[in-house]
Amino acid sequence: MTQREELCMSSTRNKESRRLSRQTRIIASLKTELELLLDSTGFSKSEETVVRELRKVEWCRDCSWRTETVTLGHSLGYSYRLFISVRTLLPVPFEELQTSRFYMDGIGVFYTCHLPFALPGLALRRDIRFVRKVVQAVSESLPWFTQFEKPQTCLDRLIASGRARAPHVALAIEYLQNVIESNGESE
């Protein structure tokens, strides 16, 4: 390899290192800002997990018979890719799916992008604007949880979904019926 080729390769590695370092700082800033927002609305952060090439951070808010979650996920490695979701979960274990929570419903706060593409150059102002945009999108998605405030509403949604025959859905329906009975609630 010629000296010129070595210099080119070294320069490319340095640029890649700076880009990844910058992306890491943006992700850290995003986590901090989301932590502030979600802490103020009753969510608490659970541990970070890594599954394959994806790192996830989940914030949970327990609401007696259900759990509300906000999840930030980002890919590791060469290209960062973000996803953010809000979900309502029920504490219904189902061994066949190897889970202790039933995914009632959720939406993606679809702010999926390649950070290098969305944030060209090294403009700090763009980084700050990006983080603010994402945090604002999460903030605007939080009212989505209000539709799951009553067990009867959740039960009606599950029955109407047409999935009631599935074993894990049947367990969730049974769970919700028990919650309604024990609370003496119905609409």
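The values are calculated or read from the model by the stated rules, or taken from the named source; none is laboratory data. Bear in mind the structure is a predicted one, so any value in this text is a computation, not a measurement. Positions of Cβ are generated from backbone atoms using ideal geometry, with glycine treated the same way; all protein chains shown enter the neighbour counts.
From the list Arg163, Arg126, which one is over 23 Å from Cys63 (Cα atoms), without any contact (Cβ under 8 Å) to a residue 12 or more places away in the chain and assigned to a helix (DSSP H, G or I)?
Answer to the selection: Arg126.
Out of all the residues in region 166-184, which are surrounded by 12 or more Cβ atoms within 10 Å (Cβ to Cβ) and not in a helix (DSSP H, G or I)?
Scanning region 166-184 gives a single hit, Ala166.
Could you list all residues from region 45-64 that are hydrophobic (A, V, I, L, M, F, W, C) and either more than 10 Å from the chain's Cα centre (by Cα) or over 21 Å from Thr88 (Cβ atoms) (or both)?
The answer is Val50, Val51, Leu54, Cys60, Cys63.
Glu140 is checked against (1) among the charged types (D, E, K, R); (2) assigned to a helix (DSSP H, G or I); (3) surrounded by 12 or more Cβ atoms within 10 Å (Cβ to Cβ); (4) modelled with pLDDT of 85 or more and fails just one. What number does that condition carry?
(3)
Hey, can you tell me all the residues within region 131-187 that are touching a Ser or Thr at 6+ places or on another chain (Cβ under 8 Å) and among the β-branched types (Val, Ile, Thr)?
Those that are touching a Ser or Thr at 6+ places or on another chain (Cβ under 8 Å) and among the β-branched types (Val, Ile, Thr): Val131, Val169, Ile180.
Which ones in region 85-112 are in contact with a helix residue (DSSP H, G or I) (Cβ under 6 Å, 6 or more places away or on another chain), modelled with pLDDT of 85 or more and farther than 22 Å from Ala170 by Cα?
Val86
Of Ala137, Ala164, which residue is among the small types (Gly, Ala, Ser) and touching a Phe, Trp or Tyr at 6+ places or on another chain (Cβ under 7 Å)?
Ala137
Please work out which residue is surrounded by the most Cβ atoms within 10 Å (Cβ to Cβ), limiting yourself to region 143-160 and to residues that are among the charged types (D, E, K, R) and in a helix (DSSP H, G or I).
Arg157
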